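The values are calculated or read from the model by the stated rules, or taken from the named source; none is laboratory data. In this text the structure is predicted, and so the values were computed from the model without any measurement. Note that each Cβ is placed from the backbone with ideal geometry, even for glycine, and that neighbours are counted across all protein chains shown.
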Amino acid sequence: AQSVTQLDSHVSVSEGTPVLLRCNYSSSYSPSLFWYVQHPNKGLQLLLKYTSAATLVKGINGFEAEFKKSETSFHLTKPSAHMSDAAEYFCVVSLYNQGGKLIFGQGTELSVKP
Amino acid sequence: EPEVTQTPSHQVTQMGQEVILRCVPISNHLYFYWYRQILGQKVEFLVSFYNNEISEKSEIFDDQFSVERPDGSNFTLKIRSTKLEDSAMYFCASNTRGSTDTQYFGPGTRLTVL
């Protein structure tokens, strides 16, 4: 069965330091993977997606993620955190043969300290 | 840039009442979805809809729930007799190709059942 596990419920970094949000997936098929961000009282915004092309995926706002099949991981990184990055981040897997159903991880709350 | 819109942003209702949550997907999209997020929990898939039919539904989507595309622009979620546990944020999403294509989310409707 397909699933997504986000390894940290809360990550706190200082402004200007690197960000690492960890995600592991389980999928019977070659997965499509996404990272979405949710700012307070806002909807879900796509950061980036992986669909079996390049394993290093670049997204918006300086974020990127690397698909590692051997580790079944899709960790999200950013070299330098900004205060505006404070939000909830969701790792998501798409189920190819189930009507486009998305499976969400439990989310990681990112705090950025000045 | 086109976006998915949802109305109302916040709906308060009494237990046992019917509610209809409305969504206007992006105009050229063909696949439509509803998800919900109970406070403090994961985002959960409810239903996917294509060509005026349900493509996939979760176990949450029981006989109390229904979806409809009443015209060329709206996509609605109806809950016939609301329960306290239906209180959640409900997100609508849409895309062009279903399956592994990126889903674009609306800002959500917060439903509070008293």
Single unsatisfied condition, B:Leu111 versus (1) within 23 Å of B:Asp62 (Cβ to Cβ); (2) not in a strand (DSSP E or B): (2)
Residue that is nearest to the chain's Cα centre (by Cα), among those in segment A:82-104 that are surrounded by 22 or more Cβ atoms within 10 Å (Cβ to Cβ) and of a type in the set (Gly, Ala, Ser): A:Ser94
Segment B:21-49: number of residues that are surrounded by fewer than 12 Cβ atoms within 10 Å (Cβ to Cβ), in contact with a strand residue (DSSP E or B) (Cβ under 9 Å, 6 or more places away or on another chain) and over 18 Å from A:Gly107 (Cβ atoms): 0
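Return yes when A:Ser70 is farther than 21 Å from B:Val43 by Cβ and modelled with pLDDT of 95 or more and no when it is not.
Values: farther than 21 Å from B:Val43 by Cβ: yes; modelled with pLDDT of 95 or more: no.
For A:Ser70, the condition - farther than 21 Å from B:Val43 by Cβ and modelled with pLDDT of 95 or more - is not met.
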Segment A:47-72, residues that are part of a helix (DSSP H, G or I) and among the small types (Gly, Ala, Ser): A:Gly62, A:Ser70
A:Tyr25 under 22 Å from B:Ser94 (Cα atoms) and surrounded by 12 or more Cβ atoms within 10 Å (Cβ to Cβ): no
Breaking point among (1) crowded, with 17+ Cβ neighbours inside 10 Å; (2) touching a residue at least 24 places away in the same chain (Cβ under 8 Å); (3) farther than 24 Å from A:Glu88 by Cα, for B:Phe91: (3)
Which numbered condition B:Asn52 misses (of (1) more than 14 Å from the chain's Cα centre (by Cα); (2) within 28 Å of A:Glu109 (Cα to Cα); (3) at pLDDT below 95): (2)
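Do the conditions hold for A:Leu7, that is, is it in contact with a Leu (Cβ under 8 Å, 6 or more places away or on another chain), away from chain B (no Cβ under 11 Å) and surrounded by fewer than 18 Cβ atoms within 10 Å (Cβ to Cβ)? Before the answer, list the steps.
Values: in contact with a Leu (Cβ under 8 Å, 6 or more places away or on another chain): no; away from chain B (no Cβ under 11 Å): yes; surrounded by fewer than 18 Cβ atoms within 10 Å (Cβ to Cβ): yes.
Answer is no for this residue.
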Yes/no for B:Gly98 being surrounded by 14 or more Cβ atoms within 10 Å (Cβ to Cβ), under 10 Å from the mean Cα position of the chain (by Cα) and within 14 Å of chain A (Cβ to nearest Cβ): no
